[in-house]
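Read through the structure below, which is laid out as C-alpha cells, and then see the notes.
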Amino acid sequence: MCGIAGVFGHPNASEYAFLQIYSLQHRGQESVGISSSDGKKIHTVKKPGRVLEAIRQEDLDRLPGNMAVAHVRYSTSGDSGVRNAQPIVGETSIGEVAVVHNGNITNYLELRRELEKEGIDFKHTSDTELFIALLKTGRELVPDWVDLDERDEEVLPKVFYALSRLEGAFSFLMLTKDRLIAGRDPYGFRPLLVGIREGTLLFASESCAFDVVEGSILREVKPGEVLVVDEEGMRSYFPFEERKKAMCVFEFVYFARPDSFIFGEWAYSVRKEFGRQLAREDDVEADVVVPVPDSGVVPAIGYAEERNMPFEMGIIRNHYVGRSFIEPTQELRNLRVLMKLSPNRAVIEGKRLVVIDDSLVRGTTSKRIVSMLRRAGAKEIHLRIASPPVVGPCYYGIDTPSREELIANRMSLDEIRDFVGVDSIKYLSLEGLRSCLPSWEDFCDACFSNSYPTKVEKIAVFRRR
Ligand code: AMP
C-alpha cells in the first residue's frame, strides 16, 4: 500500500506536500519522496524511512516551484528500498514527468516484456515505471467519447494511451513541468480526493491530508476519471470504458485513518458499524470490551455501544513504535508486537474479555497478544474480529500474504481458536460486512469472498519475498 499527495498553485508547494504526506504515513513507511516543478524543471528528493526522520529542511529548500507531488511507499511489488522509491521520474514524449502511484498494476510483467522488446529501458522493478515507459513510446489515443480541450491536445492523447494499457489498481498523480494530472483506474480500487485551500488545489489518498494544511474536501476523483490542472484551471475526462466499480473494502476495515473520508463515507462511521454488526451477530457473556489498539478501537466502540457493555483500554500502545505489520520480515513483525502493546492489568485481571481486532491475517499477532493477556491474569478471552476471514490474496495493492499463509485457509475455526489460544472466536459475517456498506456491489471484497473483479488467472504475482 502507498499514500500519495499533490499540491497545485502554492509558492511553498513542496512544504505543503511534505505535511500532507506526513499525515499519510500510516499508508507506508519504507520510503518517502517529493517532486516539485518550478515551470522549467522537475526537482526530486527520495529517501528511505519515515517522513519526519527522512526529509530535512534543506531537502525542501531544493524543491522549488508552485506544484508538487509526494509519496510514501509500502512495497507490495518490486524490491523495497530507495531504488524503487517514488516519485519515479523520466524523460518522455511529453517532456520530463514525475509519477506517484498507489495500487498494483496487474499486467506489469507482460507489459514490461513488450516494451523492453521495443528497446525501452527500465531502471526500476516497480510497476509505477510503466507510466514513464508507456509515455516514452509517444503513442496516442483519444477515445471516441472524449471531447478534448485544445489546451490538452499536446499531452493528453499520450497519457490516455499509456493509461489504456494498464490493468489493475492505480490511483496516480503525475507532474509535468507545467501541469498536474490526477487519475483513478475505472474500478476505483484505491481512493483519491481533491481538496482546496484558498486558491490552492490539493490531492491526496485520504482526506486527513487536507486537514493538516487547513484545507477542505472539494470532491473525490471519480473511478475512471482523469483530471488535468494547469494555470487555467481543472478539466475532467473519462477516457476508460466503463467498468463495474470495485473500491477496496479493506481500506474501511484497516487501512484508512479513521478520520478520513474516502469512497463517499467517513472511515470512522463504516468501521464503527462493522463493530455494531459484529455485536448484533454475537451473544457471548463477558465483563468488558477491550480493543487491540489502534485498529480495533473504532469497531470496539461500536460493539460495546450495541451490546451496552463497558469499553476499556485493556491493552496500551507504545506510540513510539510504528505499525508492526508494515515491517517487511516476519521476525521483525513478531518482535514489534510486544514492543508496541502492553497489558493493562487494572482492566484485565480476573475479567472475562471480549477482545476486538479489525482483521486476522496470519494470526501471529493475535497469538502474541492473547498470551500476553493470559500472563496478565485474564479469566476468559473471547476474540472478535470486525471483518470476515481473509481467504483471498490481494492483487490490487494490499499486502496480504499468499493464499497458503492465510490462517483461514490453513485451519478450521476451532483450530484457529486453539492456535491463537482463546476461549472462543468469532468473525463478522460476509453478509454482515456488506450490510454496513452503502452499496456493497461497488466494492471489492475479494480478500473475504474470493470473488475477484478482474481475471486473476492471468496475474503473474511478483513479490518481494
Ligand atoms: P496477523 O493476523 O498476525 O497477520 O496480523 C493481523 C493484524 O495486522 C490485523 O489485525 C491488522 O491490524 C493488521 N493488518 C492486516 N492486514 C494488513 C495489511 N495488509 N497491511 C498492514 N497491516 C495489516
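So what is the accessible area of segment 267-439 per residue, in Å², with the probe set to 1.4 Å? For segment 267-439, the solvent-accessible area averages 40 Å² per residue. Taking the protein heavy atoms of the chain in the context of the full set of protein chains, the accessible area attributed to carbon and sulfur is 48 percent at 1.4 Å. Taking a straight line from the alpha carbon of Lys244, these lysines sit under 23 Å away, with near neighbours fewer than eight places off in the same chain left out: Lys222, Lys455, Lys458.
Cα-Cα pairs above 37 Å in the chain: how many percent? Looking at the chain, the distances longer than 37 Å represent 26 percent of pairs. Residues in segment 126-135 carry Karplus couplings, in order, of 9, 4, 4, 4, 4, 4, 5, 4, 5, 5 Hz; the curve used is 6.51 cos²θ - 1.76 cosθ + 1.60 with θ = phi - 60°, and Gly or Pro positions show x.
In a reduced charge model with +1 at each Lys and Arg Cβ and -1 at each Asp and Glu Cβ, segment 374-465 shows a dipole moment near 380 debye about its Cα centre. Calculate the FRET efficiency for Arg151 and Lys379 from the Cβ-Cβ distance with a Förster distance of 51 Å, rounded to the nearest 0.05. With R0 = 51 Å, the Cβ-Cβ based efficiency is 0.15. Between Ser449 and Glu58, the C-beta separation translates, for a Förster distance of 35 Å, into a calculated FRET efficiency of about 0.10.
With the cut-off at 23 Å, report for segment 1-122 the share of all Cα pairs above it, as a whole percent. Summing the P(r) of segment 1-122 above 23 Å gives 30 percent of all pairs.
Descending by average beta-carbon neighbour count within 10 Å, the peptides 104-112, 230-238 line up as 104-112, 230-238, the highest first. Rounded to the nearest 20, the Cβ-based charge dipole of segment 267-439 about its Cα centre (Lys and Arg +1, Asp and Glu -1) stands at 440 debye. In the chain, the DSSP beta bridges split such that about 80 percent are antiparallel, to the nearest 5.
Projecting the Cα atoms of Val97, Gly33, Ser236 onto the charge dipole of segment 3-243 (Cβ charges, centred on the Cα centre) puts Gly33 farthest toward the positive pole. Our coupling estimate for segment 183-189, obtained by passing each phi through the Karplus curve with A = 6.51, B = -1.76, C = 1.60 and θ = phi - 60°, is x, 10, 4, x, 7, x, 3 Hz, Gly and Pro reported as x.
Close Lys pairs in segment 1-136, defined as Cα atoms under 22 Å apart and 8 or more places apart or on different chains, number 7. Globularity index of segment 267-439 is 0.98 (Cα radius of gyration / 2.2 N^0.38 Å, N = number of residues). With unit charges on the beta carbon (Lys/Arg positive, Asp/Glu negative), name the residue among Ser402, Pro343, Tyr303 whose Cα is farthest towards the positive pole of the charge dipole of segment 267-439. After comparing all options, I get Pro343. In summary, the lysines within cross-link reach of Lys367, defined as a Cα separation below 30 angstrom excluding same-chain residues under 8 places away, comprise Lys272, Lys340, Lys351, Lys379, Lys426. Heavy-atom accessible surface of segment 3-243, averaged per residue, reaches 36 Å², computed with a 1.4 Å probe. When shorter helices are ignored and each DSSP H run of at least 4 residues is given -39500 (n - 2.57), the per-residue value for the chain at 222 nm works out to -7000 deg cm²/dmol. Residues within the reach of a label modelled at Lys222 (point 7 angstrom out along Cα to beta-carbon, backbone nitrogen below 15 Å), restricted to segment 1-35: there are none.
Placing +1 on the Cβ of every Lys and Arg and -1 on the Cβ of every Asp and Glu, with nothing else charged, gives the chain a dipole about its Cα centre of roughly 1640 debye. Using the Cβ-Cβ distance between Lys40 and Trp266 with R0 set to 60 Å, the FRET efficiency works out to roughly 0.90. Evaluated on segment 16-56, the Kirkwood hydrodynamic radius is 10.7 Å, with distances taken between all distinct Cα atoms. Whole-Hz Karplus values for segment 281-291 come out as 8, 10, 9, 5, 8, 7, 9, 8, 9, 10, x Hz, taken residue by residue from phi with 6.51 cos²θ - 1.76 cosθ + 1.60 and θ = phi - 60°; glycine and proline positions read x. The alpha-carbon atoms of segment 346-438, seen along their principal axes, cover 43, 31, 23 angstrom, with the largest extent given first.
Quick note on segment 3-243: its Rg to Rh ratio, both from C-alpha atoms and Rh being the Kirkwood radius, is 0.93. Can you give the percent of C-alpha pairs in segment 141-270 whose distance is more than 20 Å? Taking all Cα-Cα pairs of segment 141-270, the fraction more than 20 Å apart is 46 percent.
The values are calculated or read from the model by the stated rules, or taken from the named source; none is laboratory data. Model, not experiment: these values are computed from the prediction. As a convention, Cβ positions derive from the backbone with ideal geometry for all residues, glycine included, and neighbour counts pool all protein chains shown. Just the protein is used for accessible areas: all its heavy atoms, side chains included, with ligands, DNA and RNA removed. Shrake-Rupley method; radii C 1.70, N 1.55, O 1.52, S 1.80 Å.
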